[in-house]
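**Student:** Below: one structure in structure tokens.
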């Protein structure tokens, strides 16, 4: 084990200039984020642009988006284990690692948003269960982390011993992880959905839309990450696997746009007073002689990106060409990031419950802390990949040196 | 490094998040591991109150009193607001700030007075309201006013969503917050339909010579940054026997504010409900407020 740790460290240190440049950039952002966070811890959340009117902002928006990304795993787990689709089975581990990364980022974003994070343990002593959806969310997110982490560690442990993983152990994990993945989205959606004080969230379509958009953003991120991974390392990800994922995004985005359209129709056609948040997103609201429209450009960008991406994904010719498909993946990521981040959280508070409009955009501290958390996520994923790839290739092993032989993956 | 020292320095490092570092060792420890208020014995409550009093004295030199008395039996508080009388002077807002030791900078206020133009939509849609009106004299002709504060709901959404049970409804109907138990997640603020819950975004500041020394643990005691607070019907006044009116009721120059025991049929509030046609805010949300609006004219 000691030898394995030494080998692992050696592998993590090994890399070309690009690798080191990447690590330095991440390190820089993490350091900047840490400095910003200590400033926030010292002065309080007043250094953010959140106020009583808009009491959740950029942190909770990012949290919501990454709950969606964590779906990445399930999009691979279903085809690989249930349908035994070989090209995806080869990379399912990398998808589970994305889920691990995303859940870690979710937890960090929630902690960054808390007024008194050092008292977070109070939630374990007196959980308001089952009444508070936040307690549910803590349970499902941590559970999802444990499930995916055990899948990753188990597979890697077996591989390091030069053995195939046993399906008798994997099946329970797989069967738990599929409904669990849907539960993290449903519970997070219900967290907002259950609040009758916020008409924008208090619509039954929120949870289905959550799942639909999650099944776009996670896989889009995966496609991009896998291509980078196979470029910078000698890991093999087949085009067939990537094409399969792209096809799944097409369906998910179609559903997402349909649900979105249903919501837009209902609000704009019925023109009730609950139209205001949607109106704020698309056109801005007029109050006291001021036109409040800070989110309008973002909303239109997100809508255009999502529609364009859908068209690319749905046309087989465009989807099969890697350049157009990659462009579509970037569009999906940005589109869903806006739509399911700021575009979902902020309008819930606009106008606030007493009719005030407080225009919210994140402060420098919020941006820096968030960039730091993004970098921590990227670093976690880099380390996981740098550990997994040599294990798969037999370069990093628990078998004593001399007894090793190159093992086939899967 | 001794384990104790390590824990101490680690706690101080993290402690910037809440605790002033000039606290003594023991106080730091006791603050961090302070129990949930509803689980404390009367003696433990007293000890905690004494510690908090001492902390405030060490910091400012001012001696305050932190009460922990429980709800009086047979009492459920109700509030009435006569909209025909209110002139929008906001004296209630500032009386509340002084009485409840609310932060002056950044400003925290429990009461919001909304101004509406006559004939404009209101009640179920407050979007036409004006919160930051600034006239030389009030009432502004052609306008009317509606103050809003915690409605002390019988079915409070804030209590429902709080992940740590740091906010709850007392037997006398007051929804309170244990500031030391709140983790600052602000879920209750998202859930409240009345904008009644206020967060300490920065370190709350009250000049020590203006600090009201008569405080209650669940009410106007010293506050910190990073937790939520709210109107408690001036729990430090109303729970006394004989009780005093909340500061907003006492200050109101036009007698628009009524307060009393809903369980007593002869109380002022019970008589108001009996004789006026009252309404409550956002009835469609089923929160069942203990706060009644009415028109006397």
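**Student:** Once you put a point 7 Å from the Cα of residue B:41 and another 7 Å from the Cα of residue A:228, both along the Cβ direction, what distance in nm separates them?
**Tutor:** 5.9 nm
**Student:** Also, quick follow-up: Contour minus end-to-end for residue B:214 and residue B:155, with contour as 0.36 nm per residue of separation and end-to-end as the Cα-Cα distance?
**Tutor:** Working: separation 59, 0.36 × 59 = 21.24 nm, distance 2.98 nm.
Gain on stretching residue B:214 to residue B:155: 18.3 nm.
**Student:** Hey, what did chain A get for relative contact order, percent, Cα under 8 Å, at least 6 apart? Write out the running numbers ahead of the final one.
**Tutor:** On the way: 547 pairs, mean separation 119.8, N = 410.
Value for chain A: 29 percent.
**Student:** Further, regarding this structure: If you take every DSSP beta bridge whose two residues both sit in the range B:70-297, what share of them, in percent to the nearest 5, is antiparallel? Walk me through the numbers on the way to the answer.
**Tutor:** Numbers: 18 of 22 bridges.
Percentage antiparallel, nearest 5: 80.
**Student:** Let me ask another. Please report B:125, B:209, A:137 as a ranked list, fewest other C-beta atoms within 10 angstrom at the top and most at the bottom.
**Tutor:** Values: B:125 15, B:209 7, A:137 22.
Ranked by crowding around the Cβ, least crowded first: B:209, B:125, A:137.
**Student:** Would you kindly state how much longer the chain becomes between residue B:274 and residue B:60 on full extension, computed as 0.36 nm times their sequence separation minus their alpha carbon distance, in nm to one decimal?
**Tutor:** On the way: separation 214, 0.36 × 214 = 77.04 nm, distance 4.80 nm.
Once the chain is fully extended between residue B:274 and residue B:60, it gains 72.2 nm.
**Student:** Further, regarding this structure: Provide the FRET efficiency to the nearest 0.05 for the residue B:26-residue B:122 pair, computing r from the beta carbons and using R0 = 60 Å.
**Tutor:** 0.65
**Student:** Put a dot 7 Å past each Cα toward the Cβ at residue B:250 and residue A:263; how far apart are the dots in nm?
**Tutor:** Going from the residue A:263 label point to the residue B:250 one covers 4.9 nm.
**Student:** Which value in nm describes the separation of the simple spin-label points at residue A:290 and residue A:38, placed 7 Å from the Cα toward the beta carbon?
**Tutor:** It is 3.5 nm.
**Student:** Hull surface divided by four, with the convex hull built on the Cα atoms of the protein assembly as shown: how many nm²?
**Tutor:** Mean shadow area of the hull around the Cα atoms is 34.7 nm².
**Student:** To check you understand DSSP bridge types, tell me what percent of the beta bridges within the protein assembly as shown (both residues inside) are antiparallel, rounded to 5.
**Tutor:** Among the beta bridges of the protein assembly as shown, antiparallel pairing accounts for roughly 75 percent.
**Student:** Could you tell me which of rounded, prolate or oblate describes the range A:261-330, using a ≥ b ≥ c as the square roots of the eigenvalues of the alpha-carbon gyration tensor, with rounded for a/c under 1.5 and, failing that, prolate when a/b is larger than b/c and oblate otherwise?
**Tutor:** oblate
**Student:** Sum -39500 (n - 2.57) across every DSSP H segment of at least 4 residues in chain A, then divide by the residue count to get the 222 nm mean residue ellipticity, nearest 500. List each step's numbers first, then the result.
**Tutor:** Values: 17 runs with 283 residues, N = 410.
Computed ellipticity for chain A at 222 nm equals -23000 deg cm²/dmol.
**Student:** For the range B:169-215 and the range A:299-367, write down the distance between their C-alpha centroids in whole Å.
**Tutor:** Here the two parts' Cα centres lie 35 Å apart.
**Student:** Taking 51 Å as R0, compute the FRET efficiency from the Cβ-Cβ separation of residue A:121 and residue B:283 and round it to 0.05.
**Tutor:** That gives a FRET efficiency of 0.85.
**Student:** Further question: Taking 8 Å as the Cα distance limit and 6 or more residues as the minimum spacing, I'd like the relative contact order of chain B as a percentage.
**Tutor:** 26 percent
**Student:** Another question about this same structure. Using the number of other C-beta atoms within 10 angstrom as an exposure proxy, rank A:291, A:274 with the fewest first.
**Tutor:** A:291, A:274
**Student:** Something else now. Please work out the FRET efficiency for the pair residue A:11 and residue A:146, using the Cβ-Cβ distance as r and a Förster radius of 25 Å; give the result to the nearest 0.05.
**Tutor:** Values: r = 26 Å, r/R0 = 1.03.
My answer for the efficiency is 0.45.
**Student:** Take the alpha carbon gyration tensor of chain B, find the square roots of its eigenvalues, order them as a ≥ b ≥ c, and report rounded if a/c is under 1.5; if not, report prolate when a/b exceeds b/c, else oblate.
**Tutor:** Because a/c hits 1.5 or more and a/b exceeds b/c, chain B counts as prolate.
**Student:** Moving on to the next point. Residues of A:49-55, mean number of Cβ from any other protein chain within 10 Å of their own Cβ, rounded to a whole number? Intermediate values should be presented prior to the final figure.
**Tutor:** Details: counts 0, 4, 3, 12, 3, 2, 13.
That average works out to 5.
**Student:** Given 0.36 nm per residue, what is the gain on full extension from residue A:204 to residue A:157 after removing their alpha carbon distance, in nm?
**Tutor:** Length difference between fully extended and current span is 12.6 nm.
**Student:** On a C-alpha basis, how far is the centre of the range A:1-63 from the centre of the range B:135-159 in Å? Whole number, if you could?
**Tutor:** So the two Cα centres are separated by 43 Å.
**Student:** While we're here: Quick one: B:285, A:384, A:281, A:28, fewest Cβ neighbours within 10 Å first, how do they rank?
**Tutor:** Neighbour counts put them in this order, fewest first: A:28, B:285, A:384, A:281.
**Student:** Moving to a separate point now. Give or take rounding to whole Å, what are the principal axis extents of the alpha carbon atoms in chain A, in descending order?
**Tutor:** 78, 52, 44
**Student:** Sort out for me the Cα centre separation of the range A:240-254 from the range B:41-86, rounded to whole Å.
**Tutor:** If we compute the Cα centre of each part, the gap is 60 Å.
Each value in this text was obtained by applying a stated rule to the coordinates, not by laboratory testing. Since this is a predicted model, take the numbers as computed values, not measurements. Using ideal geometry, Cβ is built from the backbone for each residue, glycine included, and neighbour counts are taken over all protein chains shown.
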